[in-house]
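The values are calculated or read from the model by the stated rules, or taken from the named source; none is laboratory data. Please read these numbers as outputs of a predicted model, since none were measured by experiment. Reconstructed Cβ throughout: ideal geometry from the backbone, glycine too, with neighbour counts over all protein chains shown. Note: accessible area is taken over every heavy atom of the protein model, side chains too, but ligands, DNA and RNA are not part of it. Shrake-Rupley method; radii C 1.70, N 1.55, O 1.52, S 1.80 Å.
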Amino acid sequence: MLRKFSVVFLLLMLNISAFTQGSETLSIKVIDQNNDLVTIGIVSLIDLKGKPIFESKLEKKTNFNLNVGTYTLEIQAVGFKPYKKTVEIKSGQNNLEIKLELDEIKVNVEIDQSEREKRLDEAIGGYLTKKEIDSLPENGEDIKEELKKRYGDDILIQIDGDFEGSQVPSRAEIASIKVIRNSFDAEFHEAGRTIISIRTNGIADGFHGFANFTFNNSILNARNPFAPKRQPTRANNLLFFFSGPIIKKKTSFSLATVIFDRANTQNFIGKGFTGNIPAPQKTGNRIALTTFQVKHNLPKSHSLNLKYQNTSLTFRNLGLSSFDLPERGSDRSNIQHKFTLTESGTFKNKYANDLTLEFSKNIEKTTPKSDELTILVLSNFNQGSSGTRNQIERNKFRFADTLFFDKKKHSLKLGTEIEYERINNVSENNLNGTFTFLNLADFNNQRPTQYLQTLGKTEFNLSQFRSSFFIQDDFKLSKTIQLSLGLRYEWQNDVSDNNNFSPRFGYVWSPEKSGKFIVRGGIGVFYEWFDAQTLSAILSNDGRQGQRIVIRNPSFPNPFIGGGTSQQLPNSISKLADNLSSPYIFVTQNAFNYKASKTVTFEGIYTFRKSLHNFRSRNINAPINGIRPNLNFGVIQQLESSGNSIENTFELKVNGYYKGINMYANYELGKDVSDFSNSLNLPTDNYNLRFDRGVSNLDQRHKFNFSLNFEVLKKITVSPSFRLESSFPYTITTGRDDNGDTVFNDRPFGIGRNTERGKFLKQTDLQIRWKFPTKYLGIKETDKRKNLSLSANIRNIFNSANLINYNGVQTSPFFRKPTFARDARSINLGLSFSF
């Protein structure tokens with residue numbers, strides 16, 4: 001994990017020849033508002049006569065010996081307000097703790113660090129300025145979208161060291177945002193992605209708060225392309241944050257609440273249904289997230305953070321597609337309680353340590369709207385129950401510890417993480433049975449092609465252990481080259497693969513003296529976890545509970561009468577392959593960064609990913625020449641490590657600033673080829689897995705983002721953005737089970753997987769934020785903590801019809817046509833107040 005509120009000592013022990021007879025030592029700790037180390041700047045000592053006696057850049061581990069007396073200490077650091085204080089040196093050891101304040105505009109500090117060295121540091125990662133943070137939207141979800149526009153859709157966002165589903169905080173809660181570009185740091189499990197590390201505010205020095213409300217209603221929206229008229233919609237968001245001291249400069253609290261309440265409609269476009277065509281079905285979700293946090297400064301520069309997070313999610317009519325009648329919906333509720341305790345600090349003036357303990361409990365329930373028999377008329381219409389009824393209870397414990405220290409020119413860290421998760425899964429899926437008809441003619445003639453049913457509920461308990469260990473060394477080989485070497489090891493109890501070592505290597509190189517041109521990259525191995533939910537889905541159907549019935553060509557409406565060509569298969573089961581191993585990804589990346597001027601930067605990134613031994617399923621009992629190898633079973637779904645994929649991407653980014661206008665542009669060209677879709681879907685040919693090799697389901701060849709941010713009349717911030725991207729691919733299928741494996745994914749002869757695409761998708765958004773003059777509210781303009789903002793967020797301003805979910809079933813009346821559209825134009829109005 002990244003540093004969590006870490007307090008890192010910087011000892012400046014300065015040797016002055018004029019004071020070599022002094023035996024008193026001055027030790028200074030220089031940190032920012034997040035208690036993170038400050039290393040770029042200069043430190044000066046001035047005597048009583050105003051004469052500078054020492055000046056040097058901030059460094060790690062330098063000594064400073066002085067005579068007893070009074071001096072003036074000055075510190076200037078990039079991005080912080082100048083610091084000046086009179087200090088009195090007494091006999092023995094003198095310790096000072098200095099916390100610098102962020103400056104709105106970076107201080108132009110001339111330090112003993114070349115432009116080349118600065119650019120090398122920035123290439124690995126850097127902080128957004130306060131002005132850049134202030135230009136972000138108020139709301140956490142909008143901040144997330146803005147960061148994706150700037151740094152790519154595949155970024156990983158870390159909140160106070162937590163990757164696991166933390167809600168992005170509101171802008172008022174954010175203390176700093178760091179962009180970590182070293183994709184090959186052994187500390188991280190994920191493969192080759194930019195990490196955005198967000199730190200929230202530290203110990204509160206007073207009572208502060210923030211409230212934001214955004215409103216959207218159908219009167220502010222355009223009509224969806226698949227709706228005959230504008231349908232009722234709603235999207236209301238409430239954010240509230242309040243913090244304050246409990247014990248001055250020692251203990252503080254914060255309370256944050258986020259509520260998203262959204263309602264929409266799902267339009268039925270199916271054909272062949274003989275009843276009354278239903279009105280658009282209301283769908284939606286409500287998310288309520290409450291976080292209470294207490295932060296406490298411990299002795300000897302340590303800090304303690306206790307956080308409780310409650311998350312409540314409710315989904316209404318989940319899972320409805322364009323072919324589903326209203327009764328096909330399901331309701332889902334999810335409640336999570338999460339407790340996190342972190343302790344961080346330094347010891348022996350040279351080691352820093354972050355410790356995290358976490359416990360979470362999650363209960364999820366899914367209930368169908370109907371318990372009627374399910375009827376699927378492929379790519380025409382679906383009626384009856386969704387067949388989804390289950391309850392999953394998850395209890396999880398996590399321990400993580402990271403140690404940081406420096407040795408000569410090396411910056412070292414090592415750490416470990418241990419997770420234990422227990423899952424109880426009770427499933428009553430498809431208890432009422434499902435008939436499948438190939439087309440409308442078969443439905444009208446009551447000729448189903450297949451009947452599926454599960455007899456009896458299944459209950460499964462699963463315990464999963466995960467552990468990892470890493471060591472990382474970052475060092476400067478010279479003034480022009482920085483290197484990073486790391487090794488990570490991962491293990492989990494569900495896979496018998498015990499040699500999951502991940503070597504990592506990264507570099508940053510400045511080939512020219514000016515430092516304008518920087519090259520960076522690396523190479524490494526990354527493993528993937530076997531997630532507990534997939535494992536539970538396989539083991540809960542091992543044949544020891546319930547029975548999965550498959551009947552081919554059944555009678556209707558009673559499938560068990562038999563006769564004709566009806567054929568009931570023996571019980572179908574799922575199992576794990578004997579030689580199951582952990583998937584791993586080989587990643588290499590090379591990039592350049594060119595600073596064309598003081599305000600314009602170009603960056604190009606090429607990434608190659610090769611993924612081997614991915615989890616995928618196949619039916620090892622599929623018929624061969626019409627005969628199943630094992631006549632005692634029907635379908636035997638085996639999960640194995642046989643999937644492979646190769647991905648190539650090139651990104652070109654341009655960041656610029658001109659006369660108050662910030663500009664961000666990003667173009668990505670990519671190709672992702674694989675021979676599987678996901679871990680549970682069965683292939684087209686169970687005995688020739690390469691037959692499914694083609695571009696992946698998530699392959700997007702082109703993606704382009706462009707956004708601006710500027711102020712009008714000094715009070716109004718305008719942020720227009722434009723997005724253009726390729727449509728996702730889709731596959732042409734016959735709509736029949738031609739090979740008799742009970743799956744309707746067979747393709748016409750000579751046609752590969754995912755060979756078709758829809759039209760390009762485009763969208764233009766506009767966000768306007770007005771800082772209301774607080775003087776009209778009786779608030780002094782100098783009181784910057786109190787401000788009122790009005791906002792308007794217009795998505796898809798030109799109401800582009802972005803059509804998706806193209807149908808590839810040859811027997812469908814919607815063949816090669818889109819069946820869904822992304823949101824039409826919508827306007828969200830917002831009001832926020834901070835104090």
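Descriptive notes on the structure:
- For segment 804-826, a residue qualifies if it is among the aliphatic types (A, V, I, L, M), surrounded by 18 or more Cβ atoms within 10 Å (Cβ to Cβ), closer than 25 Å to LEU220 by Cα and touching a Leu at 6+ places or on another chain (Cβ under 8 Å), and exactly one does: ALA821.
- Residue that is modelled with the lowest pLDDT [pool: residues in segment 753-785 that are part of a loop (DSSP other than H, G, I, E, B) and surrounded by 15 or more Cβ atoms within 10 Å (Cβ to Cβ)]: ILE779
- Filtered by the rule that a residue be surrounded by 15 or more Cβ atoms within 10 Å (Cβ to Cβ) and either touching a residue at least 60 places away in the same chain (Cβ under 8 Å) or under 29 Å from the mean Cα position of the chain (by Cα) (or both), segment 786-798 gives SER789, SER791, ALA792, ASN793, ILE794, ARG795, ASN796, ILE797.
- Which numbered condition LYS659 misses (of (1) open to solvent by less than 30 Å² (accessible area, probe 1.4 Å); (2) more than 28 Å from THR588 (Cα to Cα); (3) not small (Gly, Ala, Ser)): (1)
- Residues that are out of contact with any strand residue (DSSP E or B) (no Cβ under 6 Å at 6 or more places or on another chain) and either touching a residue at least 24 places away in the same chain (Cβ under 8 Å) or more than 26 Å from VAL495 (Cβ to Cβ) (or both), drawn from segment 578-595: ASN579
- If you filter segment 461-499 down to residues that are under 24 Å from the mean Cα position of the chain (by Cα) and of a type in the set (S, T, N, Q), you find that the one that is surrounded by the most Cβ atoms within 10 Å (Cβ to Cβ) is GLN472.
- Of the residues making up segment 426-453, those that are under 18 Å from THR565 (Cα atoms), assigned to a loop (DSSP other than H, G, I, E, B) and touching a residue at least 24 places away in the same chain (Cβ under 8 Å) are LEU438, GLN446, ARG447, PRO448, THR449.
- In the set (1) touching an Asp or Glu at 6+ places or on another chain (Cβ under 8 Å); (2) part of a loop (DSSP other than H, G, I, E, B), PRO559 fails one condition alone, (1).
- Residue match in segment 169-189 (condition: closer than 18 Å to PHE608 by Cβ and either part of a strand (DSSP E or B) or at pLDDT 80 or above (or both)): yes
- Residue that is out of contact with any Ser or Thr (no Cβ under 9 Å at 6 or more places or on another chain) and among the aliphatic types (A, V, I, L, M), where the choices are ALA622, ALA596: ALA596
- Candidate set: segment 508-541, residues that are of a type in the set (D, E, K, R) and open to solvent by 30 Å² or more (accessible area, probe 1.4 Å); chosen: the one modelled with the highest pLDDT: GLU528
- All positions within segment 135-153 that are open to solvent by 30 Å² or more (accessible area, probe 1.4 Å), part of a loop (DSSP other than H, G, I, E, B) and modelled with pLDDT of 75 or more: none
- All positions within segment 512-559 that are basic (Lys, Arg), out of contact with any strand residue (DSSP E or B) (no Cβ under 7 Å at 6 or more places or on another chain) and either in contact (Cβ under 8 Å) with a residue 40 or more places away in the chain or at positive phi (or both): LYS513
- When segment 626-668 is limited to residues that are among the small types (Gly, Ala, Ser) and on the phi > 0 side of the Ramachandran plot, the one that is nearest to the chain's Cα centre (by Cα) turns out to be GLY660.
- Exactly one residue out of ILE423, ILE418 is open to solvent by 50 Å² or more (accessible area, probe 1.4 Å) and assigned to a strand (DSSP E or B): that is ILE418.
- Qualifying positions in segment 222-258 - open to solvent by 40 Å² or more (accessible area, probe 1.4 Å) and within 24 Å of the chain's Cα centre (by Cα): LEU238, PHE240, LEU255
- Verdict on GLU173 being open to solvent by 30 Å² or more (accessible area, probe 1.4 Å) and among the acidic types (Asp, Glu): no
- Test for PHE710: is it surrounded by fewer than 18 Cβ atoms within 10 Å (Cβ to Cβ) and either closer than 26 Å to ASN439 by Cβ or among the hydrophobic types (A, V, I, L, M, F, W, C) (or both): yes
- Per the listing SER502, SER478, the residue uniquely assigned to a strand (DSSP E or B) and among the polar types (S, T, N, Q) is SER502.
- For segment 264-286, the criterion of a residue being among the charged types (D, E, K, R), at negative phi and in contact with an Asp or Glu (Cβ under 7 Å, 6 or more places away or on another chain) is satisfied by at least one position.
- Residue within segment 370-391 that is at pLDDT 95 or above, closer than 25 Å to LEU414 by Cβ and either open to solvent by 60 Å² or more (accessible area, probe 1.4 Å) or of a type outside the set (Gly, Ala, Ser) (or both) present: no
- Criterion violated by SER502 - all others in (1) under 21 Å from PHE586 (Cβ atoms); (2) surrounded by fewer than 18 Cβ atoms within 10 Å (Cβ to Cβ); (3) within 24 Å of the chain's Cα centre (by Cα) satisfied: (2)
- Residue among LEU708, LEU682, LEU724 that is assigned to a loop (DSSP other than H, G, I, E, B) and among the aliphatic types (A, V, I, L, M): LEU682
- Looking at PHE586, PHE633, PHE592, PHE602, just one residue is open to solvent by 50 Å² or more (accessible area, probe 1.4 Å) and either touching a helix residue (DSSP H, G or I) at 6+ places or on another chain (Cβ under 7 Å) or not in a strand (DSSP E or B) (or both), and that residue is PHE633.
- Only one entry in ARG544, ARG548 is surrounded by fewer than 16 Cβ atoms within 10 Å (Cβ to Cβ), charged (D, E, K, R) and either at pLDDT below 90 or in a loop (DSSP other than H, G, I, E, B) (or both), namely ARG544.
- Among the residues making up segment 357-394, those that are outside any strand (DSSP E or B), polar (S, T, N, Q) and touching a residue at least 60 places away in the same chain (Cβ under 8 Å) are SER379, ASN380, SER386, THR388.
- Checking each residue in segment 351-363 for being within 30 Å of GLN391 (Cβ to Cβ) and open to solvent by 40 Å² or more (accessible area, probe 1.4 Å) picks out LEU357, PHE359, LYS361, ILE363.
- Pick from segment 96-109, criterion open to solvent by 90 Å² or more (accessible area, probe 1.4 Å) and modelled with pLDDT of 75 or more, ranking: nearest to LYS300 (Cα to Cα): GLU97
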